[in-house]
Amino acid sequence: AQSVTQLGSHVSVSEGALVLLRCNYSSSVPPYLFWYVQYPNQGLQLLLKYTTGATLVKGINGFEAEFKKSETSFHLTKPSAHMSDAAEYFCAVTSYGGATNKLIFGTGTLLAVQP
Amino acid sequence: DTAVSQTPKYLVTQMGNDKSIKCEQNLGHDTMYWYKQDSKKFLKIMFSYNNKELIINETVPNRFSPKSPDKAHLNLHINSLELGDSAVYFCASSRSGTGFFNEQFFGPGTRLTVL
């Protein structure tokens, strides 16, 4: 079975500060890992993904995440927060499943950006 | 051009009623999904269809019945609505097939409120 744990349901940073959203996963098979962002009253948008290859992955809007197998982590970072980054962020895991992939989501982290 | 669309966006109804949510994708995908996001923002998969065949059915009450008339559509019908069905329902789609990862694209969501 696979699972995802997001530490911190609420994170608040100042504009221009480092953003760090934590995600730890559990998987008995090689995982595929994702970060999705959900702006208020909108659907989910893929920020970035790790499938295979380079462990540091870059996504949209200046976000990046590093897959660390030894720590079973996939933390999301951004060097400098912008007001427009305020949103709910979801980490998710799946495995190479053939016909269909079942995404297992974490409980989300609400990011607030203070001026 | 909307890739994954859902109708309606908002749905308010009384307990005991029957309602449907429609989903359409124009991405040429052959796998579609329904997810439920509860009031605490927790996202969980409900169903997945591949080429109109049910692939995933995640312990969902049989009051929920998905229907896929073709690969581009996956509708969700809910009978005898209960208060606990109030949530945001997201449709998603992806390609299928072995050998590569199947990114899921999400619709904007349908907010269902049962009174």
B:T110 fails exactly one of (1) over 28 Å from A:S9 (Cβ atoms); (2) within 14 Å of another protein chain (Cβ to nearest Cβ); (3) in contact (Cβ under 8 Å) with a residue 40 or more places away in the chain, namely (1)
Residues of the range B:21-58 being within 11 Å of another protein chain (Cβ to nearest Cβ), among the aliphatic types (A, V, I, L, M) and open to solvent by 60 Å² or more (accessible area, probe 1.4 Å), which ones? B:L54, B:I55
Take the residues of the range B:78-97 that are small (G, A, S) and assigned to a loop (DSSP other than H, G, I, E, B): which is nearest to the other protein chains (Cβ to nearest Cβ)? B:S96
So which residues in the range A:19-36 are touching a Ser or Thr at 6+ places or on another chain (Cβ under 7 Å), hydrophobic (A, V, I, L, M, F, W, C) and either closer than 19 Å to A:A87 by Cβ or at pLDDT 90 or above (or both)? A:V19, A:L20, A:L21, A:C23
Is it true that A:K78 is crowded, with 17+ Cβ neighbours inside 10 Å and either of a type in the set (K, R) or on the phi > 0 side of the Ramachandran plot (or both)? yes
Can you give me the ranges of the strands (runs of 3 or more DSSP E) entirely in the range A:33-115 with at least 1 residues that are within 20 Å of B:W34 (Cβ to Cβ) and out of contact with any Gly (no Cβ under 6 Å at 6 or more places or on another chain)? A:44-50, A:87-95
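The values are calculated or read from the model by the stated rules, or taken from the named source; none is laboratory data. Remember, it's a predicted structure, so these values are computed and weren't measured experimentally. We place every Cβ from the backbone using ideal geometry, glycine too, and count neighbours over all the protein chains shown. Surface accessibility is based on the protein's heavy atoms, side chains included, excluding ligands, DNA and RNA. Shrake-Rupley method; radii C 1.70, N 1.55, O 1.52, S 1.80 Å.
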